[in-house]
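Worksheet for the structure shown next.
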Amino acid sequence: MTYKVLVSDPVSEEGLKILREAAHVEVVQQTGLSEEELANVIGQYDALIVRSQTQVTAKVIERADRLKVIGRAGVGVDNIDLPSATAKGIMVVNAPDGNTISTAEHTFSMLMALARRIPQAYLKLKQHIWDRKAFVGVELNGKTLGIIGLGRIGTEVAKRAKAFNMTVIAYDPYLTPEKAEKLGVHYGQLNDVLKQADFITVHTPLLKETRHMISHDQFKLMKDGVYILNCARGGIIDEDALYEAIITGKVAGAALDVFEEEPATHHRLLELDQVIATPHLGASTKEAQKNVAIDVCHEVLKALEDQPVKNAVNLPSIPAHIFKKVEPYFLLSERLGSFVAQAAVGAVKEIHISYAGELTDLDVGPLTRNVIKGVLSYHLGLQVNQVNAPYLAKQREVQINEQKTSSSGGFTNLIEVRLVTTQETKRVAGTLLNGYGARIVKVDQYSIDVEPTGHLIYVRHYDRPGVIGRVGTLLGSHDVNIATMQVGRSDVGGDAIMMLTVDKPVSKEVLDQLSDLPEIKSVIEIDL
Ligand SMILES: NC(=O)C1=CN([C@@H]2O[C@H](COP(=O)(O)OP(=O)(O)OC[C@H]3O[C@@H](n4cnc5c(N)ncnc54)[C@H](O)[C@@H]3O)[C@@H](O)[C@H]2O)C=CC1
Ligand SMILES: O=C(O)C(=O)COP(=O)(O)O
């Protein structure tokens, strides 16, 4: 099978060659597509690689029927409709580490250019005007830099500011006073930063919570003559409020690398002499572009090959060494989910999954996702995968409960799935036998030993002499060959079950005839 990858923004060839060199990948580069054009072609592709220009909207995702992964060669994923991607089961991966230094250096270049009005002076000189009076700047030395969002980039900006003898005060919901002390920055709440800083720079992602987090009220709290920088995302700072704050003299100058709408060639902020700007160049260095392209192409390749990825944005990431330990249980966990969904009657309300034995030491999150996938796939089909299974369960108000227990029933590892429906509770448990593969070892209260694969017939009956023979004869008379048969009972003469593995699917007619046999309580066919 050949995977088709569409690269819809300029991405460094040094990364793309990883994909080109992979035997089973075809890379197509097509930049500048409109939403409509992208929506029209996306159905042919297994992966899409973008930077910040391509808008991967709900409309595009709706048509992305083959798409397995969207790779973002950079950090911000605000141009990708994540809820739509998750709902459709499309993994989104980014490359968060490769452009940190470039963006921090760009921010610092902007800070210095802003303080010394270098772009304005340069423009004048290009117009052959030697003006030394109009461009008196301010020093950074001894000033306070307020950083909002002390993540990768914010932290690198802080380091550079300290080297310039600036005082740094930062606000980040994940920053504690202890961590701040370690980094040599002052710890503050948002308002402390706004009130104390001479220069304020934002380095948060653009989220619902950060959109316009700097607006009219926040400008009011700032010192008169404050300088503002945004090399993160347009929209974190309310552009209308910034415009007003510059016009009224509250803000002495602003440096912007990003805008609410890009490209922003005719923005009114650009008319103001106090504003210096670059066209979203934070990550535009040879080094950063090489780094992010290599990182994202590796990740996309892994996602296409169902290997663990490090930087999935809509899936918890699992380190490769942990993945290796849980991967052998993937099939078992999914099949247990599928078994119980097929065996139970009624609408699914709750899925309880418990892990015992050596599984208690592992990150079982991926297994839980597989169980949910197994349950939901029975009703929802192929659209369910590891990415969207929890989302689809939540959307249907199915409650998920994962726990680890010490009762492994003597098995080295045990996964038990209990499905609660509107009509009943069904249990199944399975284990991975060293050297023998997966086994279902318990169905409800009955102990059995069945490989979770192929066509199973699950018969509930009364424990009476002759039942097994009658079932065998009936199936035989319809040319159905029984590969394996397991029986289990609670008490002699009481309730019992039969689990048959047959070589081919059994028709509804035959199943009905089986149900009509005396002593048979129910017959369910299960395909695994
Ligand atoms: N101009 C450019 O070319 C580039 C821009 N960026 C932008 O910079 C952003 C930050 O990048 P990184 O530092 O790599 O990300 P990061 O995830 O390492 O840091 C973001 C920080 O913002 C904090 N944060 C979240 N909500 C907050 C809030 N309400 N108030 C204060 N802090 C908040 C987070 O806790 C986190 O520590 C990216 O999301 C991206 O939008 C990134 C690279 C290049
Ligand atoms: O990585 C990010 O978040 C960036 O903003 C960089 O954007 P770009 O890849 O240069 O379009």
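Taking the 0 to 90 degree range and rounding to the nearest ten, how far is the long axis of helix 330-343 tilted relative to the main principal axis of the chain, both from C-alpha atoms?
60 degrees
Starting from the Cα gyration tensor of the chain, multiply each eigenvalue by 5, take the square root, and state the resulting semi-axes largest first in whole Å.
Equivalent ellipsoid of the chain: 61, 24, 19 Å, largest first.
Just grab the label-to-label distance for GLN127 and THR422, each label 7 Å out from Cα along the Cβ direction, in nm (one decimal).
Modelled inter-label distance: 7.4 nm.
How much net charge surrounds GLU509 when only other residues with a Cβ under 13 Å from its Cβ are counted (Lys, Arg +1; Asp, Glu -1)?
Residues near GLU509 contribute -3 overall.
Taking the Cα atoms only, what angle lies between the long axis of helix 100-116 and the longest principal axis of the chain, rounded to 10 degrees?
It works out to around 20 degrees.
Normalised by the number of residues in segment 100-277, what is the relative contact order in percent for Cα pairs under 8 Å and 6+ residues apart?
Reported relative contact order: 19 percent.
With both partners inside the chain, how many of the DSSP beta bridges are antiparallel, as a percent to the nearest 5?
50 percent
For the chain, what does the relative contact order come out to in percent, with C-alpha contacts under 8 Å and a separation of six or more?
Once divided by the residue count of the chain, the mean separation gives 11 percent.
Please compute the length gained on full extension between GLU305 and SER34, using 0.36 nm multiplied by the number of residues separating them and subtracting their Cα-Cα distance.
94.6 nm
Give the separation of the Cα centroids, segment 180-246 to segment 445-505, in Å.
69 Å
Compute the separation of the alpha-carbon centres of segment 323-357 and segment 92-164 and state it in Å as a whole number.
Cα centres, segment 323-357 to segment 92-164: 53 Å.
Mind ordering 312-321, 80-89 by average Cβ neighbours within 10 Å, highest first?
Going from most to least packed, we get 80-89, 312-321.
Could you compute the FRET efficiency for ARG396 and THR265, with r as their C-beta to C-beta distance and R0 at 45 Å, rounded to 0.05?
0.45
Per DSSP helix of 4 or more residues, -39500 (n - 2.57); summed, then divided by the residues of the chain. What does that give at 222 nm, rounded to the nearest 500?
Counting only the DSSP helices, I get -10000 deg cm²/dmol.
Answer rounded, prolate or oblate for segment 318-451, using the Cα gyration tensor with square roots of eigenvalues a ≥ b ≥ c: rounded when a/c is under 1.5, else prolate when a/b is larger than b/c, else oblate.
The shape class here is oblate.
Within straight cross-link reach of LYS159, meaning Cα distance under 21 Å, which lysines are found once same-chain residues fewer than 8 apart are removed?
LYS143, LYS179, LYS182
Neighbour counts of other C-beta atoms within 10 Å: give me THR501, THR2, THR425 arranged from fewest to most.
So the residues, fewest neighbours to most, are THR2, THR425, THR501.
Compute the normalised compactness of segment 263-302: alpha-carbon radius of gyration over 2.2 N^0.38 Å, N being the residue count.
Segment 263-302 yields a ratio of 1.79.
How would you rank 295-305, 112-122, 459-469, highest first, on the average number of other Cβ atoms within 10 Å across their residues?
Those peptides, ordered most packed to least, come out 295-305, 112-122, 459-469.
Counting only Cα, what are the radius of gyration and maximum Cα-Cα distance Dmax of segment 454-528, in Å?
Calculated on Cα positions, Rg and Dmax stand at 11.4, 32 Å.
If one computes P(r) from the Cα atoms of segment 100-277, what percent of pairs lie at distances over 27 Å?
Distances greater than 27 Å cover 21 percent of the Cα pairs.
Please list 5-18, 472-485, 255-268, 54-67 highest first by mean number of surrounding beta-carbon atoms within 10 Å per residue.
Going from most to least packed, we get 5-18, 54-67, 255-268, 472-485.
For segment 443-498, what is the Kirkwood estimate of the hydrodynamic radius, computed as the reciprocal of the mean inverse distance between distinct Cα atoms, to one decimal in Å?
Taking the inverse mean of 1/r over all distinct Cα pairs, segment 443-498 comes out at 12.2 Å.
What ratio of Cα Rg to 2.2 N^0.38 Å holds for segment 86-192?
1.41
Over segment 323-475, what is the percentage of antiparallel beta bridges among all DSSP beta bridges, to the nearest 5?
75 percent
Under a crude label model (7 Å from the Cα following the beta-carbon direction), how far is ASN141 from LEU380 in nanometres?
Going by the 7 Å Cα→Cβ label model, 6.2 nm.
Most exposed first by the Cβ proxy, i.e. fewest other Cβ within 10 Å, how do SER515, SER333 rank?
Listing SER515, SER333 from fewest to most nearby Cβ atoms yields SER515, SER333.
Mind checking the full-extension length gain between GLU519 and THR2? Use 0.36 nm per residue of separation minus the Cα-Cα distance, one decimal, nm.
180.8 nm
Compute the angle between helix 286-304 and the longest alpha-carbon principal axis of the chain, please, reported from 0 to 90 degrees and rounded to the nearest 10.
Here the helix axis deviates by roughly 10 degrees.
Based only on other Cβ atoms within 10 Å, what is the fewest-to-most ordering of THR31, THR285, THR431, THR422?
THR422, THR31, THR285, THR431
Values quoted throughout were computed directly from the atomic coordinates according to the rules given, and no laboratory measurement underlies them. Nothing here was measured: the structure is a model prediction, and the numbers come from that model. Quick reminder, even Gly has a Cβ in these numbers, built from the backbone with ideal geometry, and neighbours come from all protein chains shown.
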